[in-house]
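The structure appears right after this line, and notes come after that.
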């Protein structure tokens, strides 16, 4: 057994000995509309919803929903949505009876499920995971079809489990086979010479142990950190999911601690470990990728209701597993200096980040800001000749119930200086599978967004969003480490620009059954996919079930 496996098993056994009073912790998909429903209620000061680190657990969501039952002045639309979501999280109802239902029979709350088993301390629920979407535009006609299964459950009083799988196919003219410069999650497609057909999969799973004020989880998923309208600066869902060990702990009502250790895909071949297989099949070579790891920890302080300040650091390491990063409280930067003997060629790639969020401190308003520091010289931060301000930041604000109930207006700006997320060691960039762990627009770019959303009917969300992006050329590694003064923001050209108007409607007709329609108008295109250029106008419709 490897040292890595041994340490993970020991950590699980130690934490399993903690006395528990809390129910099981199953993570909810961050794309579920209940996230926005609760975020808006927190923005109105009705709940103290903690969603800085996502996904959050179904239990936390249920607690917020039960708290909302006591809230005053909910509109008729909000009351109907609240009742709908309470039925979705029925496992936390103390009156839940033993039941076994198969093949889309209704449970005691009227919801149809592929499988529903509730017996004592054991719970298992499963649904198909289906997607059908069609997108039409000039020189573009793409059909997306996906099938799979989503299941989750509880075993005993402390353990929970979940798994999700979809096999996804996109075919037609104008298929985006790389999904690079887009907020869509990146993919690792199967090998194919047909550029009009893309096949890939999405697989996630977790086993979680929880106690009264914390949890530890081993699984494969994405971790989201911070806030953003269609991207996140610190940790986002742009990169495909990855295996990780996650620890969440809330020792005090005003203090949260989060830790993640993950194994990433570097996409860099390790020539020293690559070897001949002794056959001529597929070139006769066994290729091995350079090992890549990611560790992050953060503290969040609830200063008053709705006001949260957070700070943390992360480290990208490579080549070999370092058990020091399994220590959740160790100061990564100092540890890296110790391990590397202060040599840049033997060290790892570290970052610092900060997040602020204010909900309803100004009535019905959410204000947020993020700061991501890849590298900075504090002694020369204001010296244009010697500064190395390789950082990114975003600021955003939204106001809800503007003029009429459920109308929300928002604005956001994100700027990322040259060289952010990059590193002189190719296996230590801030990426997984070649896609950014943070903001998808990448370095030397900025993005401004204006949006409004409105729910005219319960569970029907309409949105109009305008996005303006500018992006310069990615700088060279030589300039990143030696240029003085450093290249200025957007100085390295040519600067490309992209404007996009998106109008969308989404309706949750039944539990986990979603209907969607969207129209997109775009002027300009930045770094298009190999087979697609700018599509000025496109219309898409789709149906999703079970995610």
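List of remarks:
- Number of positions in the range 287-310 that are more than 21 Å from residue 429 (Cα to Cα) and surrounded by fewer than 20 Cβ atoms within 10 Å (Cβ to Cβ): 8
- Of all residues in the range 51-74 being part of a loop (DSSP other than H, G, I, E, B) and at pLDDT 95 or above, the one that is nearest to the chain's Cα centre (by Cα): 55
- Filtered by the rule that a residue be touching a residue at least 40 places away in the same chain (Cβ under 8 Å) and more than 18 Å from residue 433 (Cα to Cα), the range 167-195 gives 174, 175, 195.
- Tally, over the range 423-450, of residues that are touching a strand residue (DSSP E or B) at 6+ places or on another chain (Cβ under 8 Å), on the phi < 0 side of the Ramachandran plot and not in a strand (DSSP E or B): 12
- Single residue of 228, 148 found to be crowded, with 18+ Cβ neighbours inside 10 Å and under 30 Å from residue 446 (Cβ atoms): 228
- Qualifying residue in the range 311-328 (condition: closer than 30 Å to residue 488 by Cα, at pLDDT 95 or above, in contact with a helix residue (DSSP H, G or I) (Cβ under 6 Å, 6 or more places away or on another chain) and surrounded by fewer than 20 Cβ atoms within 10 Å (Cβ to Cβ)): yes
- Residue identified as over 20 Å from residue 28 (Cβ atoms) and surrounded by 19 or more Cβ atoms within 10 Å (Cβ to Cβ) among 216, 223, 234: 234
- Residue list for the range 237-258, restricted to those being buried (at least 20 other Cβ atoms within 10 Å of the Cβ) and assigned to a loop (DSSP other than H, G, I, E, B): 237, 238, 239, 240, 241
- Any chance residue 458 is in contact with a helix residue (DSSP H, G or I) (Cβ under 8 Å, 6 or more places away or on another chain) and closer than 30 Å to residue 29 by Cα: yes
- Any hit, the range 198-206, residues being surrounded by 15 or more Cβ atoms within 10 Å (Cβ to Cβ), over 20 Å from residue 265 (Cα atoms) and over 20 Å from the mean Cα position of the chain (by Cα): yes
- Single condition residue 366 does not satisfy, out of (1) touching a helix residue (DSSP H, G or I) at 6+ places or on another chain (Cβ under 6 Å); (2) free of Cβ contacts under 8 Å to residues at least 40 places away in the same chain; (3) over 22 Å from residue 418 (Cβ atoms); (4) in a strand (DSSP E or B): (2)
- Sole exception among (1) free of Cβ contacts under 8 Å to residues at least 40 places away in the same chain; (2) surrounded by 13 or more Cβ atoms within 10 Å (Cβ to Cβ) for residue 261, by number: (1)
- Top-ranked residue in the range 162-186 [being assigned to a strand (DSSP E or B) and surrounded by fewer than 19 Cβ atoms within 10 Å (Cβ to Cβ); ranked as modelled with the lowest pLDDT]: 173
- Single residue of 333, 292 found to be in a helix (DSSP H, G or I), on the phi < 0 side of the Ramachandran plot and touching a strand residue (DSSP E or B) at 6+ places or on another chain (Cβ under 9 Å): 333
- A residue that is part of a loop (DSSP other than H, G, I, E, B), touching a strand residue (DSSP E or B) at 6+ places or on another chain (Cβ under 7 Å) and either at positive phi or modelled with pLDDT of 95 or more (or both) cannot be found anywhere in the range 208-221.
- In the set 415, 473, only one residue is in a loop (DSSP other than H, G, I, E, B), under 23 Å from residue 231 (Cα atoms) and in contact (Cβ under 8 Å) with a residue 24 or more places away in the chain; that residue is 473.
- Scanning the range 92-142 for residues that are assigned to a loop (DSSP other than H, G, I, E, B), more than 24 Å from residue 202 (Cβ to Cβ) and at pLDDT 75 or above yields 120, 121, 138, 139.
The values are calculated or read from the model by the stated rules, or taken from the named source; none is laboratory data. Just so it is clear, the model here is predicted, and its values are computed rather than measured. Counting neighbours? That spans all protein chains shown, and the Cβs are built from the backbone with ideal geometry, glycine included.
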